[in-house]
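J.: Structure in structure tokens, see below.
The values are calculated or read from the model by the stated rules, or taken from the named source; none is laboratory data. These figures come from a predicted structure and were not determined experimentally. For neighbour counting, all protein chains shown are included, and Cβ atoms are generated from backbone atoms with ideal geometry for every residue, glycine included. Accessible surface areas use protein heavy atoms only, side chains included; no ligands, DNA or RNA. Shrake-Rupley method; radii C 1.70, N 1.55, O 1.52, S 1.80 Å.
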Amino acid sequence: MSNSNIIPGFSKLSKEEKIRAVASHFEHPEQVVKELMSFNHPNAELQKKFDEFSENTIANYYFPFGIVPNVLLNGKVYMVPTAIEESSVVAAAAKSAKFWADKGGFKAEVIDTRKVGQVHFIWHGEKRKLEEKFPELKHSLIQNTTHITANMQQRGGGILDIKLVDMTMHEPGYYQLKAEFDTCDSMGANFINSCLEEFASILKDWIETQTIFTEEEKQVQVIMSILSNYTPDCLVKAWVQCPIDDLGTFDGGMTAREFAWKFQKAVKIAQVDVYRATTHNKGIYNGIDAVVLATGNDFRAVEACGHAYASRNGQYTSLTDVSLENDLFTFTLTVPMALGVVGGLTSLHPLVKRGLELLGNPSAKELMMIAATIGLANNFAALKSLTTTGIQKGHMKMHLLNILNHFDATEEEKEKAVEFFKHHKVSFSTVRDFITAERGQMIHQG
Ligand code: MEV
């Protein structure tokens with residue numbers, strides 16, 4: 001391979017060398033070096049920590065760290081930390097929190113916290129023999145992993161169950177050891193994967209020593225051992241409820257009952273149409289991801305799990321549901337998520353640490369309820385806007401500052417624009433026209 005753009009051993013370069021290598025791709029390398037370095041944290045020790053969160057780090061990537069205040073959940077008021085770049089998400093969640101605060105607030109409960117891991121293996125033998133012997137194998141798997149599980153057990157968690165799953169109808173000889181775990185306050189990925197890799201080696205050793213198996217049956221090929229991010233039994237439910245008439249009136253004089261009816265139709269549409277369901281659920285993850293990220297958790301895992309769960313009955317559908325029974329408006333989100341409040345970034349990233357502190361150092365279960373609540377809050381806000389004023393009015397108002405920044409607006413121009421656009425429609429071209437007029441006027445005045 002002789003491509004001059006290939007840099008052998010990039011990861012071995014020092015940070016500065018990496019920055020220079022990257023900057024050499026730009027027209028003004030020195031300027032880029034300066035810019036990248038300007039994102040460094042002044043505290044060198046902290047910067048080193050940030051660098052070590054990942055590989056080949058050349059700068060810090062800034063994201064807004066914001067707060068959803070006044071979230072009344074299970075009778076307690078939280079200030080919820082978020083990390084997200086989309087301008088209207090935090091405002092929308094805050095609006096929902098305000099809307100529901102005088103209607104009893106949000107309620108949430110954790111249904112279960114079981115996590116799953118699998119050893120996938122190929123074994124060609126008489127299934128009956130393996131099944132017969134499985135209780136013995138299971139005992140051995142649990143007994144011979146106590147060096148890994150002892151601590152977790154002391155904290156009240158550990159291995160909950162191990163099953164043998166026959167997958168031979170899909171692939172010749174394919175079986176799984178499917179294990180369930182309780183990982184208490186940690187997300188548990190390392191714990192689960194360590195247990196699974198140990199299971200795999202115990203399985204191989206065990207099968208070799210069993211006289212019931214023929215020589216051929218003593219051969220087992222472990223394909224892989226890994227946790228599953230699909231955790232349908234690590235499930236949380238968050239909901240709001242009030243008498244329909246207490247919903248109040250809405251923009252354009254819409255009554256509470258008209259609103260409830262339209263809102264219910266909007267949820268129904270997301271339940272039956274995959275195009276709408278995807279956007280609907282994306283709005284839920286606007287809130288969930290923001291909390292998950294701010295608290296140092298793995299938003300990819302949380303999202304992957306949620307979308308798989310949304311398809312559990314064969315059709316991708318809404319994660320929320322609404323009921324208007326007994327004259328009550330009840331809006332519910334049921335969503336799986338595996339979160340941790342210890343380990344990982346939780347004590348390493350200063351803002352994650354502060355965020356968790358701000359939440360009162362919650363348990364993993366409490367954090368699941370908080371994240372689900374913000375997801376529900378965002379979905380409520382989105383559907384409320386969509387079914388009343390439309391989304392763009394609020395969205396573009398929030399986006400106004402981004403557009404103004406695009407035109408390098410001064411503080412004075414921003415102030416004037418915010419005032420002007422209280423009564424005018426925001427769009428890229430209306431803001432451009434406004435700025436052009438402002439600047440023209442200033443030049444004229446000058
Ligand atoms: C935008 O980030 C999210 C929404 O599109 C969600 C929805 O349509 O429900 C507003």
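J.: Would you mind telling me which numbered condition in (1) assigned to a helix (DSSP H, G or I); (2) touching a residue at least 60 places away in the same chain (Cβ under 8 Å); (3) open to solvent by 70 Å² or more (accessible area, probe 1.4 Å) residue 135 fails?
T.: (2)
J.: So, in the range 213-250, exactly how many residues are of a type in the set (A, V, I, L, M) and over 23 Å from residue 120 (Cβ atoms)?
T.: Taking the range 213-250 as the starting set, the residues that turn out to be of a type in the set (A, V, I, L, M) are 220, 222-224, 226-227, 235-236, 238, 240, 244, 247.
When the remaining residues are screened for being over 23 Å from residue 120 (Cβ atoms), the result is 235-236, 238, 240, 244, 247.
Result for the range 213-250: 6.
J.: Identify the residue in the range 86-113 that is modelled with pLDDT of 95 or more and charged (D, E, K, R) and, among all such residues, is surrounded by the fewest Cβ atoms within 10 Å (Cβ to Cβ).
T.: 102
Listed here are the residues, each with its yes/no results for (1) more than 30 Å from residue 99 (Cβ to Cβ); (2) open to solvent by 30 Å² or more (accessible area, probe 1.4 Å); (3) not in a strand (DSSP E or B).
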{"position": "193", "(1), (2), (3)": "yes, yes, yes"}
{"position": "198", "(1), (2), (3)": "yes, yes, yes"}
{"position": "205", "(1), (2), (3)": "yes, yes, yes"}
{"position": "213", "(1), (2), (3)": "yes, no, yes"}
{"position": "224", "(1), (2), (3)": "yes, yes, no"}
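J.: Related question: Looking at residue 47, is it without any contact (Cβ under 8 Å) to a residue 24 or more places away in the chain and in contact with a His (Cβ under 7 Å, 6 or more places away or on another chain)? Break it down stepwise before answering.
T.: Values: without any contact (Cβ under 8 Å) to a residue 24 or more places away in the chain: yes; in contact with a His (Cβ under 7 Å, 6 or more places away or on another chain): yes.
Taking the combined requirement at face value, the residue satisfies it.
J.: Please name all residue pairs, on different chains or six or more residues apart, with Cβ atoms under 8 Å, provided the first residue is in the range 424-438 and is over 12 Å from residue 407 (Cβ atoms) and the second residue is of a type in the set (Val, Ile, Thr).
T.: Short answer, once both residue conditions are applied: 424/430; 426/403.
J.: Filter the range 396-435 down to the residues that are within 16 Å of the ligand (Cβ to nearest atom) and either open to solvent by 60 Å² or more (accessible area, probe 1.4 Å) or touching a His at 6+ places or on another chain (Cβ under 6 Å) (or both) and list them by number.
T.: Residues satisfying the conditions are 397, 398, 399, 402.
J.: Among the residues of the range 150-188, write down those that are at positive phi and buried (at least 20 other Cβ atoms within 10 Å of the Cβ).
T.: Residues satisfying the conditions are 158, 184, 188.
J.: Another question about this same structure. Checking the condition of a type in the set (Gly, Ala, Ser) and in the same structural domain as residue 384 (by TED's automatic domain parsing), which residue from 158, 125, 105 passes? So that I can check it myself, show each step before the final result.
T.: Working: 158 fails: in the same structural domain as residue 384 (by TED's automatic domain parsing); 125 fails: in the same structural domain as residue 384 (by TED's automatic domain parsing).
Among 158, 125, 105, only 105 is of a type in the set (Gly, Ala, Ser) and in the same structural domain as residue 384 (by TED's automatic domain parsing).
J.: Note down all Cβ pairs under 6 Å where the first residue falls in the range 74-92 and is at negative phi and within 16 Å of the ligand (Cβ to nearest atom), the second is open to solvent by 20 Å² or more (accessible area, probe 1.4 Å) and among the polar types (S, T, N, Q), and they're at least six residues apart or on different chains.
T.: Pairs found: 89/286.
J.: Further question: Mind checking whether some residue in the range 29-38 is out of contact with any strand residue (DSSP E or B) (no Cβ under 6 Å at 6 or more places or on another chain) and either among the β-branched types (Val, Ile, Thr) or in the same structural domain as residue 243 (by TED's automatic domain parsing) (or both)? Even if it seems obvious, please write down each step before you answer.
T.: Here is the first cut: in the range 29-38, the ones out of contact with any strand residue (DSSP E or B) (no Cβ under 6 Å at 6 or more places or on another chain) are 29-38.
Those left that are additionally either among the β-branched types (Val, Ile, Thr) or in the same structural domain as residue 243 (by TED's automatic domain parsing) (or both): 32-33.
So far as the range 29-38 goes, yes, one or more of its residues are out of contact with any strand residue (DSSP E or B) (no Cβ under 6 Å at 6 or more places or on another chain) and either among the β-branched types (Val, Ile, Thr) or in the same structural domain as residue 243 (by TED's automatic domain parsing) (or both).
J.: Same structure again: Only one residue in 241, 271 is over 26 Å from residue 61 (Cβ atoms), open to solvent by 40 Å² or more (accessible area, probe 1.4 Å) and within 16 Å of the ligand (Cβ to nearest atom), so which one is that? Explain how you work it out, then say what you get.
T.: Numbers: 241 fails: within 16 Å of the ligand (Cβ to nearest atom).
From the options 241, 271, the qualifying one is 271.
J.: Mind checking whether some residue in the range 315-337 is under 27 Å from residue 91 (Cβ atoms), away from the ligand (no atom under 14 Å from the Cβ), of a type outside the set (A, V, I, L, M, F, W, C) and in contact with a His (Cβ under 9 Å, 6 or more places away or on another chain)?
T.: Looking through the range 315-337, none of the residues is under 27 Å from residue 91 (Cβ atoms), away from the ligand (no atom under 14 Å from the Cβ), of a type outside the set (A, V, I, L, M, F, W, C) and in contact with a His (Cβ under 9 Å, 6 or more places away or on another chain).
J.: Moving on to the next point. What residue, among those in the range 30-62 that are in contact with a Leu (Cβ under 7 Å, 6 or more places away or on another chain) and under 15 Å from residue 13 (Cα atoms), is surrounded by the most Cβ atoms within 10 Å (Cβ to Cβ)?
T.: 58
Table: residues versus (1) in contact with a Lys or Arg (Cβ under 7 Å, 6 or more places away or on another chain); (2) closer than 27 Å to residue 189 by Cβ.
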site	(1), (2)
69	no, no
76	no, no
91	no, no
95	no, no
100	no, no
109	yes, yes
113	yes, yes
117	no, yes
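J.: OK, next. Of the numbered conditions (1) more than 21 Å from residue 366 (Cα to Cα); (2) assigned to a helix (DSSP H, G or I), residue 100 fails exactly one; give the number of that condition.
T.: The number of the failed condition is (1).
J.: Being hydroxyl-bearing (Ser, Thr, Tyr) and closer than 30 Å to residue 329 by Cβ narrows it down to one residue among 149, 168, 113, 183; which is it? Outline the logic, then answer.
T.: Numbers: 149 fails: closer than 30 Å to residue 329 by Cβ; 168 fails: closer than 30 Å to residue 329 by Cβ; 183 fails: closer than 30 Å to residue 329 by Cβ.
Sole residue among the options that is hydroxyl-bearing (Ser, Thr, Tyr) and closer than 30 Å to residue 329 by Cβ: 113.
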